1. Using a Gaussian network model of chain A with C-alpha springs under 10 Å, which one of A:Leu40, A:Leu318, A:Leu348 is most mobile by mean-square fluctuation?
2. Assuming 0.36 nm per residue, please report the length gained on full extension of the stretch A:Thr120 to A:Ser279 beyond their Cα-Cα distance.
3. Mean-square fluctuation check for chain A, GNM, Cα pairs under 10 Å: which of A:Pro243, A:Pro379, A:Pro56 is largest?
4. Using the Karplus curve 6.51 cos²θ - 1.76 cosθ + 1.60 with θ = phi - 60°, work out ³J(HN,Hα) for each residue of the stretch A:197-207 in order, rounded to whole Hz, and write x for Gly and Pro.
5. Can you compute the radius of gyration and Dmax for the stretch A:265-405, using only the Cα atoms, both in Å?
6. I'd like the accessible area for A:Glu28: 1.4 Å probe, protein heavy atoms, all chains in place, Å² to the nearest 10.
7. How fast does the stretch A:191-268 diffuse by Stokes-Einstein, in µm²/s, taking the Kirkwood radius from C-alpha pairs at 25 °C and 0.890 mPa s?
8. For chain A, what does the helix formula give at 222 nm: sum of -39500 (n - 2.57) over DSSP H segments with n ≥ 4, over the residue count, nearest 500 deg cm²/dmol?
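The values are calculated or read from the model by the stated rules, or taken from the named source; none is laboratory data. Note that the coordinates shown come from a computational prediction; the quantities given were computed from them, not determined experimentally. Glycine gets a Cβ as well: all are built from the backbone with ideal geometry, and neighbour counts include every protein chain shown. Surface accessibility is based on the protein's heavy atoms, side chains included, excluding ligands, DNA and RNA. Shrake-Rupley method; radii C 1.70, N 1.55, O 1.52, S 1.80 Å.
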Amino acid sequence: MLVLPVEEQLKVITSGTMQIVPLEGLKEKLAKGKPLTIKLGVDPTSPDLHLGHAVPLRKMRQFQDLGHNVTLIIGNGTALIGDPSGRDSTRPPLTSEQIEVNAQTYVEQAMKILDPDRTTVVHNGDWIKPMNLETMLSLMSKFTVARILEREDFSKRYHNQQPIALHEFIYPVLQAYDSVMIKADVEMGGNDQIFNLLAGRDLMRDEGMEPQIALTMPLLEGTDGVKKMSKSYGNYIGLTDEPADMFGKIMSIPDELVARYYRLCSTLSIDEIDAIDASFEDGTADPYALKRALGRNIVELYHGADKAVQAEEAFDALFKKHEIPDDVAEFSVEFVRNDQGLVYLPKLMVEVKLSASAGDARRLIDGGGVKINGEALAPKSYNVDPDLLDHAILQAGKRRFAKLV
RNA sequence: GGGGAUAUGGCACAGCGGCAACUGCGGCGGACUGUAAAUCCGCUCCCUCUGGGUUCCUUGGUUCGAGUCCAAGUAUCCCCA
């Protein structure tokens, strides 16, 4: 299976990667001609994966396609700490049950990208939880506080006078220990993981093993085009997002990000991606067409070809023709009439989840952002005739709908 | 263990004792568009609202009135041990 020469493999492996430390070491490992063990550790802190999580997963898939093996480490042990990487505050702890549930959905979603036949899934709680204090202390003695404090996220928190809890310091130590346990050849991670990955190298060397190669992928920017994709920023594209939603979110990324998304998220070949890159470079690219094609590609990857076509059609209907989508969420509500027999709309909008509060709904109406059956409401028209609302479709802004039944 | 500093709405940063609280970012809505970017306008604690209610770490106190003053507590950071 492993027939490709080292240089050919490197072309695939280096596409889109941020750092490979050290590159020479990777070449040496590849030159042995044996399948390597590629490690990715994941903390099941959130049950939903997004395209940002998919970036390293896709790189792993490329490794698999080159004939290498992947070990996915479910961090049910390390999750007790919560990875401080890139964080500006301590993570809230999770319960074991939450972690189990999250881990399961994580693997389910990851397998949309990975090749299950070449993937091994292990739980680091298996060796972390039974660890005794002696082993623990011996591990911790291999790292110094100054070294750990070098990390940007820690030193930043330190200088910003934000708290760092003691247990957060041992996260990199435990992650490094995982590499020892599974004898990783390459550990992957987001670029914010570089410190943890290098800690793995140190510890492996300490244990007399050949140190792993650290390979990092860039952090994918979210739909706002600025901040890294993250659920808490609300700029994420979830792997389980509905096809139409996923397509729409991809369409809303800034043009500058299209080439990058192709590189990090699409299934196109390296050559095709290089060509797209080049077209952006020399200004011959058609960003709109390329973005649509990107949307199709990504939706197809996670939902299949049929859904991708439907998603694109639904997008056109909604945003080019301004049609009301046919899968609007339905609500059966009782109309509460006032003395004049009218219905107070703001309250109703809260009930059908179009608005967070009545006051918010009132402001939306005043701003001209509320429509009933496609008709915009005049400012201050908070009380409406119930006949108008009968089986009506309410719309808040451009994309939020609710159907009354 | 001793000394000092800080604590304001999603974030950042203001706030002579009369404030639902300056400003920036973010977010939402509208116009323009390719649901992009840029630009312009409006909104951004809750409430059927020309008004009412509840806020500025917590609890007490001073005061006609406190985010603003006092006391205690809590949390974080800094210096010393």
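1. Comparing A:Leu40, A:Leu318, A:Leu348 in a Gaussian network model of chain A, the most mobile one is A:Leu348.
2. Length difference between fully extended and current span is 53.3 nm.
3. Largest GNM mean-square fluctuation: A:Pro379.
4. Here the 3J(HN,Hα) series is 5, 5, 4, x, 4, 4, 5, 5, 4, 4, 8 Hz.
5. Cα radius of gyration and Dmax of the stretch A:265-405 are 20.8, 69 Å respectively.
6. Per-residue accessible area (A:Glu28): approximately 120 Å².
7. Reported coefficient: 167 µm²/s.
8. Computed ellipticity for chain A at 222 nm equals -12500 deg cm²/dmol.
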